[in-house]
1. Quick one: in the stretch 157-185, of everything that is farther than 18 Å from residue 280 by Cβ and part of a loop (DSSP other than H, G, I, E, B), which residue is most open to solvent (accessible area, probe 1.4 Å)?
2. Kindly indicate which of 220, 255, 276 is within 29 Å of residue 66 (Cα to Cα), open to solvent by less than 20 Å² (accessible area, probe 1.4 Å), out of contact with any Ser or Thr (no Cβ under 8 Å at 6 or more places or on another chain) and among the hydroxyl-bearing types (Ser, Thr, Tyr).
3. Could you say whether any residue in the stretch 73-87 is touching an Asp or Glu at 6+ places or on another chain (Cβ under 9 Å) and in contact (Cβ under 8 Å) with a residue 12 or more places away in the chain?
4. Any chance the stretch 130-147 includes a residue that's more than 27 Å from residue 220 (Cβ to Cβ), touching a helix residue (DSSP H, G or I) at 6+ places or on another chain (Cβ under 8 Å) and surrounded by 17 or more Cβ atoms within 10 Å (Cβ to Cβ)?
5. Out of everything in the stretch 69-91 that is of a type in the set (A, V, I, L, M, F, W, C) and not in a helix (DSSP H, G or I), what residue ends up being surrounded by the fewest Cβ atoms within 10 Å (Cβ to Cβ)?
6. If I filter the stretch 92-117 down to residues being small (Gly, Ala, Ser) and crowded, with 24+ Cβ neighbours inside 10 Å, which single residue comes out as farthest from the chain's Cα centre (by Cα)?
7. Taking the stretch 115-171 as the region of interest, how many residues are within 21 Å of residue 45 (Cα to Cα) and among the small types (Gly, Ala, Ser)?
Amino acid sequence: MIGKNRSSYGKLRAPRSSGHEPIGVAEHLKDPKVRIVEVDVDTKSYDEGHVPNAIAWAWNTQLSDTVKRDILSKEQFEELMASSGISRDTTVVIYGDNNNWFAAWAFWQMKIYGHADVRLMNGGRKKWLAEGRELSTETPKPARTSYSASAADVSLRAFLPQVQAAVAARASALVDVRSPQEFTGEILSPPGLPETCQRGGHIPSARSIPWGKAVNEDGTFKSLEDLRALYGGEGIDGSKPVIAYCRIGERSSHTWFVLKYLIGLDKVTNYDGSWTEWGNLVGAPVEKGAAAAAKG
């Protein structure tokens, strides 16, 4: 995962403030204190071969309340952890396809409910496959645990009223992490993804910084220097609280992770209502086309 000490692929890097040291994934495949979890956009990928002893979470059923269109409730989260064989002191390693797109969403929810040691595998599924590392088609069946989650830490999450107030007062820096075509309003959602909106465009004053710009070609995160240049060049430098958003909150979880745990900004939230909420609101202000220059 990522943290205060940068390391090569194959390491689990702990967040800056966690106090956890980096450890290697391959050396902990059978560690009873470590639970490895795969979370993919394509939920069928796991069955084709995965990191040995990894379990899988389906983002569209196990990591969301499909009735309320929300993240998991505290009770739902506790059940997922217990059925996954995870205790409060378990080190949880999350990885997935699409450069850890939905893996970051799972990470974000785990931090909301107070799990201390949760990490992203740098490079995700893409890097693991590219290096020809060991794969398994066996599905582990971990023994059930008892899990009591912390109350939801809402300081990590932005809700619609907060975003509306921030836009009106120009009090926060907004980062739109969707594709340039979504940002300008040319398209409403990525091809093949059904959950969408009535109107295209972006939230006024938002900067367009697609989430994928934070990673290298091999799926690993870019250097701290490059990340600071990427976001700082668009005025995202910590001088204002930052709100990241996308379509349903999964890509913006990735950017939230980068800003909070790699760059180390203090006040970063993920607006998971994102464009499926804002783009369906009656009377909400919407801008179309490219944003003005950051220094403009």
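The values are calculated or read from the model by the stated rules, or taken from the named source; none is laboratory data. Model, not experiment: these values are computed from the prediction. FYI the Cβ positions are ideal-geometry reconstructions off the backbone, even for glycines, and counts take in every protein chain you see. Keep in mind that these areas ignore ligands, DNA and RNA; they rest on the heavy atoms of the full protein, side chains included. Shrake-Rupley method; radii C 1.70, N 1.55, O 1.52, S 1.80 Å.
1. Across the stretch 157-185, the extreme among qualifying residues is 170.
2. Numbers: 220 fails: within 29 Å of residue 66 (Cα to Cα); 276 fails: out of contact with any Ser or Thr (no Cβ under 8 Å at 6 or more places or on another chain).
Within the list 220, 255, 276, the selection yields 255.
3. Pass one, the stretch 73-87, residues touching an Asp or Glu at 6+ places or on another chain (Cβ under 9 Å): 73, 76.
Right, trim to in contact (Cβ under 8 Å) with a residue 12 or more places away in the chain and you get none.
Within the stretch 73-87 (the criterion being touching an Asp or Glu at 6+ places or on another chain (Cβ under 9 Å) and in contact (Cβ under 8 Å) with a residue 12 or more places away in the chain), the answer is no, since none of the residues qualifies.
4. Yes: the stretch 130-147 contains one or more residues that are more than 27 Å from residue 220 (Cβ to Cβ), touching a helix residue (DSSP H, G or I) at 6+ places or on another chain (Cβ under 8 Å) and surrounded by 17 or more Cβ atoms within 10 Å (Cβ to Cβ).
5. Narrowing the stretch 69-91 to residues of a type in the set (A, V, I, L, M, F, W, C): 71-72, 77, 80-82, 86.
Those still in the list that are not in a helix (DSSP H, G or I) too: 71-72, 86.
Details: 71: 20, 72: 22, 86: 23.
Among those residues, the one meeting the criterion is 71.
6. Within the stretch 92-117, the subset small (Gly, Ala, Ser) is 96, 103-104, 106, 114, 116.
Narrowing the set further to residues that are crowded, with 24+ Cβ neighbours inside 10 Å leaves 96, 103-104, 106.
Details: 96: 11, 103: 6, 104: 3, 106: 7 Å.
Per the criteria, the residue is 96.
7. Here is the first cut: in the stretch 115-171, the residues within 21 Å of residue 45 (Cα to Cα) are 119-142.
Checking which are among the small types (Gly, Ala, Ser) leaves us with 123-124, 130, 132, 136.
Total satisfying the criteria: 5.
Quick grid of which residues meet (1) assigned to a loop (DSSP other than H, G, I, E, B); (2) at pLDDT 95 or above; (3) out of contact with any Ser or Thr (no Cβ under 9 Å at 6 or more places or on another chain); (4) farther than 20 Å from residue 240 by Cβ:
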{"residue": "119", "(1), (2), (3), (4)": "no, yes, no, yes"}
{"residue": "125", "(1), (2), (3), (4)": "no, yes, no, yes"}
{"residue": "138", "(1), (2), (3), (4)": "yes, yes, yes, yes"}
{"residue": "144", "(1), (2), (3), (4)": "yes, yes, no, yes"}
{"residue": "148", "(1), (2), (3), (4)": "yes, yes, yes, yes"}
{"residue": "155", "(1), (2), (3), (4)": "no, yes, no, no"}
